[in-house]
1. In nm, what is the difference between 0.36 nm times the number of residues separating SER34 and GLN232 and their Cα-Cα distance?
2. Subtract the Cα-Cα distance of ASP202 and GLU331 from 0.36 nm times their separation in residues, and report this length gain in nm to one decimal.
3. Pop a pseudo-label 7 angstrom from the Cα along the beta-carbon direction at both LEU412 and ARG259 and give the gap in nm to one decimal.
4. Calculate one ³J(HN,Hα) per residue across segment 235-249 by plugging θ = phi - 60° into the Karplus curve 6.51 cos²θ - 1.76 cosθ + 1.60, and present them in order as whole Hz with x for glycine and proline.
5. With the contact rule set at Cα under 8 Å and sequence spacing of 6 or more, what percent relative contact order holds for segment 160-309?
6. In whole Å, how far is the Cα centre of segment 113-156 from that of segment 271-340?
7. Using a Gaussian network model of the chain whose springs link C-alpha atoms within less than 10 Å, name the residue from ILE265, ILE298, ILE142 with the highest mean-square fluctuation.
8. Which far-off residues, 5 or more places away or on another chain, put their amide H under 5 Å from the one on TRP102, with H placed in the peptide plane?
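The values are calculated or read from the model by the stated rules, or taken from the named source; none is laboratory data. Every value quoted in this text rests on a predicted model; they were computed, and no experiment measured them. Virtual Cβ from ideal backbone geometry, glycine too; neighbours counted across all protein chains shown. Each accessible area value is taken on the protein alone, full model and side chains, heavy atoms only, with ligands, DNA and RNA left out. Shrake-Rupley method; radii C 1.70, N 1.55, O 1.52, S 1.80 Å.
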Amino acid sequence: MIFTVPTVLAILPLLAAGSPLQSTSSSGMKIPISKRSNILNPDGSANADTLRKQVAYAAAKMQQGFISFQRNTGTPHPLAPPGLLPRKTGGNTLNNDAEQLWYGSISVGTPAKTFTVDFDTGSSDLFLPGPTCSTNCAGHTIYDPKKSSTSSDAHKTFQLQYGDGSSVEGEQYNDVVSIAGLAATSQRLGAATQYSNGFSKDQFPADGLLGMGFQSISDYNTSPVFQSFTSQNQASSPIFAFKLADSGSELYVGGTNSRLYSGSITYTPVTQPAYWQVNMENVSVNGEKPVGQMSAVIDTGTTLVLGDQVSVRALYAAIRGSKDASTTFGEGFYTVPCNAVPTVSLTFSGKSFPISPRIFNLGKVAAGSSDCVGGIVGSDISERFWIVGDIFLRNVYSVFDLGNTRVGFATLV
């Protein structure tokens, strides 16, 4: 790997700080990432409250992006529910649930300071706790723009309204942001003055969040971090990729890590550069294809796979012994027999990728039950599209190709 002088200068502070960056034989760099999971109760049954919150979180995050898209572009997003309008207050409702995001290290400012952030392909902004944050910021590493010689005040505020009545709000700044030796100068980020309860250290291990979607859904309406790497010629290749698994998870920037997948990568074009939105050809189970072509948003910030109610109902109708658990577990949820969890596959660009029954199974509906909760859930927000989260992504190596505006999947080794 060949580094330019600015890149070398950017990476030295990270190496000195002991940042867990590792190179491979490929041209990019990898960042180990972790996930805290709490979808099971102590007795091994599925945690209904946590899973219901994750459905609400994913739906609210999509709505937030739709509102930002309309405000930024002047036109409604093609997948947005009819009649959705930007809120006059500028606040976007979002029920935070921190159990579903993957986090790793970045550095910000000069001198460089290390933070942990959740890497989320379903949003597009970066925020960290600021120096005047007085609510739920204890234990988090604080970003203080006054202590960075490269920071500048953007003279703008931001605010995200949360479902519990609290919010994340603060001021916008520009500063140097580095990931794995790639440095974006004058990168927009938020310094929060308030965190909601869901961002307290005991519930949210990362310091902040880094969105990896497109600018059109940015609440700041500025270039997201990885797009800045590309426009500033920092990335050797305009690609980032994820391995999301029980162990060895990583974000790889500047290419793909060929050690983590076998065979070729199957690519599907992005149909609307806002979310990483592609066409999903079908969903199959037991030799049937109960779900046909559908738009799909590929989202590392969502644990479940969420689909429209009609399609999800058709999917479970093709699974012997399945039951509608809307009244017993949560709206949109279904159960399958624990001793016969099916293999469900999603097809992109002619190739079917199976979901492991072990991953599809979210746990027993109750201790001692013979019914287990399925990882594909019906949601009203996704009447015209599916949100494809970790239940699927943990089965594949996922590639986000900004240069060619496409998403790729390959078989994990």
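1. Numbers: separation 198, 0.36 × 198 = 71.28 nm, distance 2.82 nm.
Length gained, SER34 through GLN232: 68.5 nm.
2. Numbers: separation 129, 0.36 × 129 = 46.44 nm, distance 2.78 nm.
Residue separation times 0.36 nm, minus the Cα-Cα distance, leaves 43.7 nm.
3. Computed distance between label sites LEU412 and ARG259 equals 1.7 nm.
4. So the Karplus estimates, Gly and Pro as x, are 7, 5, 8, x, 9, 10, 8, 10, 10, 10, 8, 5, 8, x, 5 Hz.
5. 13
6. Value for the Cα centre distance between the two parts: 36 Å.
7. Largest GNM mean-square fluctuation: ILE265.
8. Close amide H contacts, sequence-distant or interchain: PHE119.
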